[in-house]
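The values are calculated or read from the model by the stated rules, or taken from the named source; none is laboratory data. Just so it is clear, the structure is predicted and the values come from calculations on it, not from any experiment. Cβ: placed from backbone, ideal geometry, glycine included. Neighbour counts: every protein chain shown. In case anyone asks, the SASA skips ligands and DNA or RNA and just uses the protein heavy atoms, side chains included. Shrake-Rupley method; radii C 1.70, N 1.55, O 1.52, S 1.80 Å.
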Amino acid sequence: MERRVPVRLGDRSYDVLIGAGVRSALASVIEELGASRTVVVSARPREWVPDTGVETSFVPAEDGEPAKTLSTVEALCREFARFGLTRHDAVVSCGGGTTTDVVGLAAALYHRGVAVVHLPTSLLAQVDASVGGKTAVNLPAGKNLIGAYWQPSAVLCDTDYLSTLPGRELRSGFGEIARCHFIGAGELRDRPLLEQIEASVALKARVVAADERDAGLRHVLNYGHTLGHALEIATGFSLRHGEAVAIGTVFAGRLAGALGRIEERRVEEHREVVAHYGLPTAVPDGIATADLVGHMRRDKKAVDGLAFTLDGPGGAELVRGVPEHVVTSVLEGMPRRPLAELVAG
């Protein structure tokens, strides 16, 4: 069954196709774009990418946070130039969230923007990274500090790809689905995976259509990410993104409770939802609270003090100027477990 979710952005609107075998639509998408050649950047085997229907250069890539650098973007742009890609041609990404981010940024920068089509192969990339046009790479100081908004021309979320994922990688993707429970997607725990993906994408599409460039509403999509990003950096990316966001989601519930924004039952609901997906709910041992707070101060949302997207009486919203002593107290009260125990299973 194929599902189609539109992302409505005027003349930059596009569709997200979800379902088994939807990658076969790639050639027709390229034809509609009018491209005469493409560069396919893939972190997956060549045979995973369907025929584009036009002259194509295949460039292998690597998923994982170490590849999210400006040097990777430069290397890709050099390949585009070597192949003779013009601004009327197209780039295709095939891989997880890292590949989506890096290829999207390279497409945004090359010739000041060429069309990009995403074939996300991980659950995390299908429900989040491939949709919405945020592209970025990391610096030693923090995650996603260099980036641009560049909407794809289409996203093909082929669920057949998910059957190839290791258990931990698949489970990591549920971290983004779990946080959707608290930002407007409603109860997803008992729904089939296809419906969970569709609901998550539809929620993101609505938010992006209303606030493409993070002027306000789009901050809700960062639910659980402030601590999540800090945990990724503090563990040297030993925690996967979805695992870190899951812990960050539990923390966000506790912080909202400490600030009197939600009742204790809702705080506990954060832990229950995350645990349902088999994701970690505790902070790894051996990480100093002060280090985590330091990383969170460098979060992109932090303009004046610490800022978090938190649940509340009117739903999730960005809360700025959260007192540091409250953040520290809540972090100190989080359960701690060995990292190996958190990621096992």
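Taking Leu156 as the residue in question, decide whether it is open to solvent by less than 50 Å² (accessible area, probe 1.4 Å), assigned to a strand (DSSP E or B) and not small (Gly, Ala, Ser). Lay out the reasoning, then the answer.
Numbers: open to solvent by less than 50 Å² (accessible area, probe 1.4 Å): yes; assigned to a strand (DSSP E or B): yes; not small (Gly, Ala, Ser): yes.
Here the answer is yes, as Leu156 does meet what is asked.
Give me the pairs: first residue in the range 1-28 and over 24 Å from Trp48 (Cβ atoms), second residue open to solvent by 70 Å² or more (accessible area, probe 1.4 Å) and among the charged types (D, E, K, R), beta-carbon distance under 8 Å, and six or more apart or on different chains, which are they?
Within 8 Å, no pair qualifies.
Cβ-Cβ under 6 Å, sequence separation 6+ or interchain: first residue in the range 315-330 and closer than 23 Å to Ala288 by Cβ, partner open to solvent by less than 30 Å² (accessible area, probe 1.4 Å) and not in a strand (DSSP E or B). Which pairs?
Cβ pairs passing all conditions: Thr328/Thr289; Val330/Leu255.
From Thr72, Thr99, Thr38, Thr52, which residue is among the β-branched types (Val, Ile, Thr), part of a helix (DSSP H, G or I) and open to solvent by less than 10 Å² (accessible area, probe 1.4 Å)?
Result: Thr99 is the single residue among Thr72, Thr99, Thr38, Thr52 that is among the β-branched types (Val, Ile, Thr), part of a helix (DSSP H, G or I) and open to solvent by less than 10 Å² (accessible area, probe 1.4 Å).
Out of curiosity, is Ala106 aliphatic (A, V, I, L, M), in contact with a Cys (Cβ under 6 Å, 6 or more places away or on another chain) and not in a strand (DSSP E or B)?
yes
Checking Thr328 against (1) out of contact with any Ser or Thr (no Cβ under 8 Å at 6 or more places or on another chain); (2) at pLDDT 95 or above, which single condition isn't satisfied?
All conditions are met except number (1).
So is Ala234 farther than 23 Å from Gln126 by Cβ, of a type outside the set (Asp, Glu), open to solvent by 30 Å² or more (accessible area, probe 1.4 Å) and without any contact (Cβ under 8 Å) to a residue 24 or more places away in the chain or not?
No: the conditions fail for Ala234.
Being of a type in the set (Ser, Thr, Tyr) and either farther than 27 Å from Asp158 by Cα or free of Cβ contacts under 8 Å to residues at least 40 places away in the same chain (or both) is the filter here; which residues of the range 191-231 pass it?
Hit for the range 191-231 is Thr226, nothing else.
For the range 133-150, give me each residue that is of a type outside the set (D, E, K, R), touching a residue at least 24 places away in the same chain (Cβ under 8 Å) and either assigned to a strand (DSSP E or B) or buried (at least 23 other Cβ atoms within 10 Å of the Cβ) (or both).
Thr135, Ala136, Val137, Asn138, Gly142, Asn144, Leu145, Ile146, Gly147, Ala148, Tyr149
Is at least one residue of the range 20-27 open to solvent by 50 Å² or more (accessible area, probe 1.4 Å), at pLDDT 95 or above and assigned to a helix (DSSP H, G or I)?
Among the residues of the range 20-27, at least one is open to solvent by 50 Å² or more (accessible area, probe 1.4 Å), at pLDDT 95 or above and assigned to a helix (DSSP H, G or I), which makes the answer yes.
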